[in-house]
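For reference, the structure discussed in these notes is given below.
No lab work stands behind these numbers, since they all come straight from the coordinates. These numbers come from a predicted model, not from an experiment. As a convention, Cβ positions derive from the backbone with ideal geometry for all residues, glycine included, and neighbour counts pool all protein chains shown.
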Amino acid sequence: MSTSTSATATAGSQTGEPILRVTGLRKYFPIQSSFLRRTIGQVKAVDGVELEVFGSETLGVVGESGCGKSTIGRTMLKLLEPTEGTIQLAGKDITGFSRREMVPMRREASMIFQDPYSSLNPRHTVGKIVAAPFEVQGIEPPGGVKKAVQDLLDRVGLNPEHYNRFPAEFSGGQRQRIGIARALALHPKLIICDEPVSALDVSIQAQVVNLLEDLQNEFGLAYVVIAHDLSVIRHISDRIAVMYLGKVMELSDSDSLYLAPRHPYTKALLSAVPVPEPGGRGRRERIVLAGDLPSPANPPSGCVFRTRCWKAEDRCAAEVPALVEVEPGRKVACHFPEPAAGEVSFTPSQPNGTAPA
Amino acid sequence: MSDVQPATASRSPYLELRDLKVSFATEDGLVRAADGVSFSLERGKTLAIVGESGSGKSVTSQAIMGLHPKRSAQITGEVLVDGTDIVSASEETVRSMRGRNMAMIFQDPLSSLHPFYTVGAQLIEAVQAHGEVSKSEARQRAIAMLDRVGIPNAARRVEEYPHQFSGGMRQRVMIAMALINNPDLVIADEPTTALDVTVQAQILDVLRDLQGEFQMAILLITHDLGVVAETADDVVVMYGGRVVERGPVNEIFTRPRMPYTWGLMSSVPNLTDPRGTRLTPIPGQPPSLINLPTGCVFRPRCQFSAHVEDAWCDTKRPDLEPVGPRHDARCFLSVSQMAALAPRRADGEEVA
């Protein structure tokens, strides 16, 4: 564990203790028989994940539906009880904390949800929604709750006069701003953002992404951004964890990951992203993965990706690949990783987009 | 109306929209969901309609399928599918054309498939709706079609229910259902939006292969510019119920000529942009279709109206004017101004 801080490649941000550290984190959901409610199996949504989040950095967690990325976000803040493993938030081991013990910890970290329509109580005014964290914590901010809320609304780009309006009176992008104001209320060190922009229109997504970046610079926030959109993740993240079937497949700084993915799954995932340049059509090597995601209730033996991997050999079925450091600041869980940046054969589409005019 | 047709068009288009207007009377006022939409599409080609929610793209596609109830929707203009005007045709005529002449792949396969019937039963019904086909023959066609869209063990899975399929497989069932009567025009309304990228790549490949085989025209409705760049031949950009720009895909992506299109392109993060590039969002919100701004509908969010003299943007509605080969845009900026103001986003340096 002690090597990770010195070995990480991203400049500056990762000195000292991480704000959040999870080790050996597992979250299994029981499958119960419909008749006797006996547990007949388990969905291994998160299956042995180690992650650290440092101050002022953005850790992206990316993967397809069913990979466990949302579960991990919720388990990190104990919105779901972990099955196994430890969670350390701001230096404290919160794994065994009760709901009541968690209350003061919620000042350290908060959450932004995907759906701005269902994550705000439709019967509460915006003022009440954004003031809720103060109320729960029993905090009287200097200048009063109303002023604090209005400052927050102003900061996220909403009109402070709209204090008394209801969520239904706002558009999707504005509602997401309300959610951000609420998450920001107690000046947390960490915000976990679960698909913060995927429910928004394209032209509005950029507004919210820019707002998140501005707030990070202003308050020195750390983010865990969970998303399936690889372009958004790449844009916003310093480091990225690629998940597949409850496990981290690759953990890397953002640039290196996109330049030269080392895990075959990362490579396939990146190659599947359509690039908005018509000239790029047909020039890129696209890896289309065969088949579907296996069931997390019954994951394949050995490497969970082997059933869809073109490099799989006997060893992959027998032996679970560990997430090991393959170059400084870069970990890959694969027996046969792709070549490193120097020895690449894979070319991403031209960075300067020389489309045949 | 400047309807610039390609000089090389030897065949007449399979689908042609002429000044299509769709509006709905609501308690709050008249919603002009599509307002003068014109474009055309040939067989074997793919046309993408790009736009945000409320841009009128889905309303337009539903008008092509004749799906708007005559009672609540007021429709004018022409929608010519293989020469037949859907707007004025009788309900029976349109029904007989659905499935054969035009078919639709919906966005959400779980709510578009009936949960109580097997996939096979739904496909067989679709076949039998269009002619005297025996059940066993229809079943054979259903299995062949499921196999064609890449569903393994089609003969067994045809007996299964929609919930037994994964999201990607369900979307394949939707494609199979749309294609089972060999339609000449397929409308795909956000066919991959609910899917993961790896599944999206599979589905787009299936569509591309089938188009190569059957030469159908595909009308693709999406907001994903990446999908557009990879699959479309032509692009129509819609905003506030209007076509604001249209042209060949290469033209639109290398020489976009309408500030809204610029905004769309620079607000999307691109994997090839250098990291740290700041996104340029379009300020403000999409317009309400009841209270459209006077003048240009994009005016309240446009940063370039100062370049237009006499504040035309505030008072007049721009027409769709030619700005290049087969390329039209709805903007008062002159063609040379457009060329000068267009963002150069590819190298990341000249982005404003």
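Kindly count the pairs of lysines across chain B whose alpha carbons are less than 26 Å apart, treating pairs on different chains or eight or more residues apart as eligible.
Final tally of qualifying lysine pairs is 7.
From the alpha carbon centroid of region B:119-159 to that of region A:220-282 is 39 Å. The GluC sites (Glu not before Pro) of region A:179-285 meeting both criteria, a DSSP state outside H, G, I, E and B (loop) and at most 15 other C-beta atoms within 10 angstrom of the site's C-beta, are A:Glu285. Take the alpha-carbon centre of region B:273-294, take the same for region B:18-94, and report the distance between them in whole Å. First find each Cα centre; the distance between them is then 25 Å. For region B:109-182, the square roots of the Cα gyration tensor eigenvalues, ordered a ≥ b ≥ c, give a/c of at least 1.5 with a/b greater than b/c, which places it in the prolate category. Quotient of the Cα radius of gyration of region B:175-274 and 2.2 N^0.38 Å, N being its number of residues: 1.15.
With loop defined by DSSP as not H, G, I, E or B, and exposure as at most 16 other Cβ atoms within 10 Å, which is the longest segment of chain B clear of exposed chymotrypsin sites (Phe, Trp or Tyr not before Pro)?
B:118-352
Looking at region B:68-105, the trypsin sites (Lys or Arg not before Pro) that sit in a DSSP loop and have at most 16 other Cβ atoms within 10 Å of their own Cβ are B:Lys70, B:Arg71, B:Arg100. Dipole check for the protein assembly as shown: with +1 at the C-beta of Lys and Arg, -1 at the C-beta of Asp and Glu, and the Cα centre as origin, the magnitude is about 1320 Debye. Charge dipole of chain A (Cα centre as origin; +1 on each Lys and Arg Cβ, -1 on each Asp and Glu Cβ, all else neutral): 940 debye, rounded to the nearest 20. Summarising the label geometry, the points placed 7 Å from Cα in the beta-carbon direction at A:Ser34 and A:Ala322 lie 4.4 nm from one another. The string of couplings for region A:220-229 from the Karplus curve (6.51, -1.76, 1.60, θ = phi - 60°) is x, 6, 9, 10, 10, 9, 9, 7, 9, 7 Hz, one whole number per residue in order, with x for Gly and Pro. In chain B, Cα pairs under 8 Å separated by at least six residues give a relative contact order of 20 percent. Scaling the Cα radius of gyration of region B:259-341 by the globular reference 2.2 N^0.38 Å produces a ratio of 1.21.
Simple rule: put +1 on each Lys or Arg Cβ and -1 on each Asp or Glu Cβ in the protein assembly as shown, find the dipole, and look at B:Val228, A:Pro321, A:Thr39; the Cα lying farthest toward the positive end is A:Thr39. Using alpha carbon centroids, what distance separates region B:189-267 and region A:83-143, in Å? Rounded to whole Å, the Cα centres lie 41 Å apart. Measuring against 31 Å, Cα to Cα, the residue pairs A:Lys27/A:Lys92; A:Lys27/A:Lys189; A:Lys69/A:Lys189; A:Lys78/A:Lys146; A:Lys78/A:Lys128 contain no pair spanning a longer distance.
The 3J(HN,Hα) values that the Karplus relation (6.51, -1.76, 1.60; θ = phi - 60°) gives for region B:251-260 are, in residue order, 4, 4, 7, 9, 10, x, 10, 10, x, 5 Hz. Gly and Pro appear as x. Amide H contacts of A:Val46: A:Lys27, each under 5 Å away and 5 or more positions distant or on a separate chain (H built 1.01 Å from N in the peptide plane; Pro and chain starts excluded). The share of Cα pairs per 10 Å bin across chain A, counted from zero up to the longest distance, runs 5, 23, 31, 25, 13, 4, 0 percent. A cut-off of 5 Å between modelled amide H atoms, ignoring neighbours fewer than 5 places along the same chain, links B:Ile49 with B:Leu220, B:Ile221, B:Thr222, B:Val236. In plain terms, if you count all Cα to Cα distances in the protein assembly as shown and split them into 20 Å steps from zero, the share in each step is 16, 48, 33, 3 percent.
Rg over Rh for chain B works out to 0.99, both radii taken from alpha-carbon positions and Rh defined as the Kirkwood radius.
Rounded to the nearest 20 debye, the dipole magnitude of region B:259-341 is 280 debye, with +1 charges on Lys and Arg beta carbons, -1 on Asp and Glu beta carbons, and the Cα centre as origin. Rounded to two decimals, what ratio of Rg to Rh does region A:129-251 give with C-alpha atoms and a Kirkwood Rh? Here the Rg-to-Rh quotient is 1.00. The string of couplings for region B:177-182 from the Karplus curve (6.51, -1.76, 1.60, θ = phi - 60°) is 5, 5, 9, 5, 9, 6 Hz, one whole number per residue in order, with x for Gly and Pro. When you filter the GluC sites (Glu not before Pro) in region B:263-352 for DSSP loop state and at most 11 other Cβ atoms inside 10 Å of their Cβ, you are left with B:Glu349, B:Glu350. Around the amide H of B:Gly77, modelled in the peptide plane, lie the amide H atoms of B:Lys21, all under 5 Å away and 5 or more residues distant in sequence or on another chain. The antiparallel fraction among DSSP beta bridges confined to chain B stands at about 60%.
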